[in-house]
Amino acid sequence: MDNIKIYELKNDAKSKLLAAVDNDDHPIESSFHGQRQEDSWSLINVETLYKKVYKDFPKYHIGKPVISKRVKEAMDKDQLLKDEVEFLPLTNDNDELFMLNVVNVLDCVDYNRSNIEKFKDGSWLRFNKLVFDPSKIPYGTCMFKIKETPGVQVFVTEKFKQWVEEHKFKGLNFSQVYDADFTEEMEVEQQRLYDAALEEIERNKGQEYSYKEARELVDQGEAMASGLWKMQLNKHGQFVQGELLKDLSYQWMIPAYIPPVLLLKSWHKVKKSEI
């Protein structure tokens with residue numbers, strides 16, 4: 001399976017948010033690690049936590065995608081995901097929904113190119129950088145999990161992304177985690193440019209401020225940076241926090257909380273981003 005792109009399946013911030021179910025006896029509360037759930041599943045109602053804008057892909061727990069009835073009908077028509085997931089019925093606000101239990105679990109990580117963090121005993125802890133082996137991803141695959149993280153991550157291919165976009169369904173953010181066309185040489189050059197950008201940010205930092213001082217300056221219209229982190233107000237006057245990505249763009253978010261590590265950093269003034 002050459003020249004493929006892999007994305008981690010994530011919900012858009014504007015997706016309808018479903019509340020967790022408090023029912024220890026129902027399999028919806030179990031960990032979805034690729035085992036089938038159909039035989040023990042029964043229809044269950046999930047409540048709405050926040051209505052928001054997008055309803056095609058409501059957000060539930062991480063690793064447990066949910067789709068609307070109209071998405072399910074389109075998938076049935078196109079026979080999409082037929083052998084890769086179980087469609088487990090839910091109800092919500094008198095609407096039919098379906099939870100996707102991904103049973104397509106692949107052993108497809110390229111351990112030679114991935115960056116792996118391990119426990120002291122040498123066992124796997126996490127991937128700092130995840131690289132796939134395309135030869136171990138069957139042709140035509142749309143959705144899968146990997147054996148290392150089946151309970152928390154769902155991955156999709158370009159085929160699934162294109163299908164969603166063609167049908168104009170809303171509610172997903174496709175976060176690319178792998179591109180087979182991105183060679184090791186390109187990866188090394190990207191890292192070099194990224195390191196150079198961080199050095200440039202630190203080289204021209206000028207006067208430094210504590211987080212509290214920096215936050216007050218942000219409210220006065222300044223943009224502040226510390227290493228790969230940046231904070232400012234967006235065009236709507238909202239406080240946003242950005243993380244510098246490897247492509248030298250910032251991933252912006254309106255933070256629900258401030259990570260304690262940022263409170264200890266020194267900050268300096270930088271040029272505002274157009275956001």
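Here are some notes:
- Scanning the range 66-116 for residues that are assigned to a loop (DSSP other than H, G, I, E, B), of a type in the set (S, T, N, Q) and in contact (Cβ under 8 Å) with a residue 40 or more places away in the chain yields a total of 1.
- Residue match in the range 43-59 (condition: under 25 Å from K161 (Cβ atoms) and aliphatic (A, V, I, L, M)): yes
- All positions within the range 226-275 that are β-branched (V, I, T) and in contact (Cβ under 8 Å) with a residue 12 or more places away in the chain: V240, I254, I258, V270, I275
- Residue in the range 172-183 that is on the phi < 0 side of the Ramachandran plot, part of a loop (DSSP other than H, G, I, E, B) and modelled with pLDDT of 90 or more present: no
- Looking across the range 28-39, just one residue is free of Cβ contacts under 8 Å to residues at least 40 places away in the same chain and either more than 24 Å from the chain's Cα centre (by Cα) or surrounded by 15 or more Cβ atoms within 10 Å (Cβ to Cβ) (or both), and that is D39.
- Of all residue pairs spaced 6 or more apart or on separate chains, none has beta-carbon atoms under 7 Å together with a first member in the range 153-168 that is assigned to a helix (DSSP H, G or I) and a second member that is among the acidic types (D, E) and surrounded by 15 or more Cβ atoms within 10 Å (Cβ to Cβ).
- Screening the range 201-233 for residues that are of a type in the set (D, E, K, R) and under 21 Å from Y257 (Cβ atoms) and picking the one that is surrounded by the most Cβ atoms within 10 Å (Cβ to Cβ) gives K230.
- Within the range 245-262, the set of residues being assigned to a loop (DSSP other than H, G, I, E, B) and open to solvent by 50 Å² or more (accessible area, probe 1.4 Å) comprises L245, K246, D247, L248, I254, A256, Y257.
- Pairs with Cβ under 6 Å, 6+ apart, first in the range 176-191 and acidic (D, E) and open to solvent by less than 70 Å² (accessible area, probe 1.4 Å), second modelled with pLDDT of 80 or more and part of a strand (DSSP E or B): D179/K5
The values are calculated or read from the model by the stated rules, or taken from the named source; none is laboratory data. Treat the numbers as computed from the prediction; the structure is a model and nothing was measured. Cβ atoms come from the backbone with ideal geometry, glycine included; neighbour counts cover every protein chain shown. We work out accessible area using only protein heavy atoms, side chains counted, and drop any ligands, DNA or RNA first. Shrake-Rupley method; radii C 1.70, N 1.55, O 1.52, S 1.80 Å.
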